[in-house]
Each structure stands twice: as structure tokens, then as C-alpha cells.
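K.L.:
My questions all concern the structure below.
No lab work stands behind these numbers, since they all come straight from the coordinates. Here the structure is a predicted model, which is why all the values come from computation and not from measurement. So basically every Cβ, Gly included, is an ideal-geometry build from the backbone, and we count neighbours across all protein chains shown.
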Amino acid sequence: MRIVLLKFAEHKDQAPQYMEAHNAWLKQGFDDGVFVLAGSLQPRRGGAIIAHGCSLDELQARIAEDPFVAFKVVEAEILEISPSKADERLAFLLA
């Protein structure tokens, strides 16, 4: 499981221009079953995604396709977590 931090970068003022494409990219990640949660970093610092069920290389390739990343609206940082305990509602993350 990985957490992707999308922190605003040099062209953050261009976010509105790429928002529709970024949202389509997020939807595809959910539709593919890779993204399990996404949201904003507060206060107005960017976003975060929890990804599961793909290799690091696959996730890096997917992130590179995000228009926000491609156009330097955000910079992506990937944190890997090796979960050992979870609430039963999240047990699928232990697999």
C-alpha cells in the first residue's frame, strides 16, 4: 500500500486549467481499483491518494500521467506502508 502526496509546486496557479483532466485521471485510478481514497491536503497544500494493488513501477507510471504532475502543478511523493494491522473494514489492505 502506498500514500501519494501531491504537493503544490511551481505552477499551482494553473490548477483550474487542468482540474477536469486531473479529475478524469483520478476517476480512472478508482475505476481500475488502484486508488482506494483521495482527498485534499489542508490547508490548501495539494492532495493525497491511497493506492493499493499495484507495483511501485506501475504506480509511478500512473502518477506521471496525471496532468497536475505533467504540468508541474504538483510534485508527487510516494510513501510505502507495510500494513500489519487494520480494522476489519480495511482488511483487504493487508493482502
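K.L.:
For the chain, state the semi-axes of the equivalent ellipsoid (square roots of 5 times the eigenvalues of the alpha-carbon gyration tensor), sorted largest first and rounded to whole angstrom. Spell out each step's value before the answer.
P.N.:
Details: eigenvalues 119, 36, 28 Å².
They are 24, 13, 12 Å, listed largest first.
K.L.:
Are there GluC sites (Glu not before Pro) in segment 1-62 that DSSP puts in a loop and that have at most 16 other Cβ atoms within 10 Å, and which ones? Please report the intermediate quantities before stating the final value.
P.N.:
On the way: sites: E10, E20, E58; in loops: E10.
Counting only loop positions with at most 16 other Cβ atoms within 10 Å, the GluC sites (Glu not before Pro) in segment 1-62 are E10.
K.L.:
Follow-up question, since we're still on this one. 5 Å is the cut-off here: which amide hydrogens, built 1.01 Å from N in the peptide plane, fall below it relative to G46, excluding neighbours closer than 5 in sequence?
P.N.:
Counting only residues 5 or more places away or on other chains, the set is F8, L41.
K.L.:
A further question follows. Test of understanding: given the chain, find the longest segment containing no trypsin sites (Lys or Arg not before Pro) that are in a DSSP loop and have at most 11 other Cβ atoms within 10 Å. Write out the running numbers ahead of the final one.
P.N.:
Numbers: sites that count: R44, K85.
That gives 1-43 as the longest site-free run.
K.L.:
Moving on. Where does the Debye-calculated log10 I(q)/I(0) of segment 8-61 sit at q = 0.17, 0.28, 0.31 Å⁻¹, using only Cα point scatterers of equal weight, no solvent?
P.N.:
-0.62, -1.20, -1.24
K.L.:
Also, I was wondering about something else. Taking Cα pairs under 8 Å and at least six residues apart, what relative contact order does the chain come out at, in percent?
P.N.:
Taking the mean separation of contacting Cα pairs over the length of the chain, I get 45 percent.
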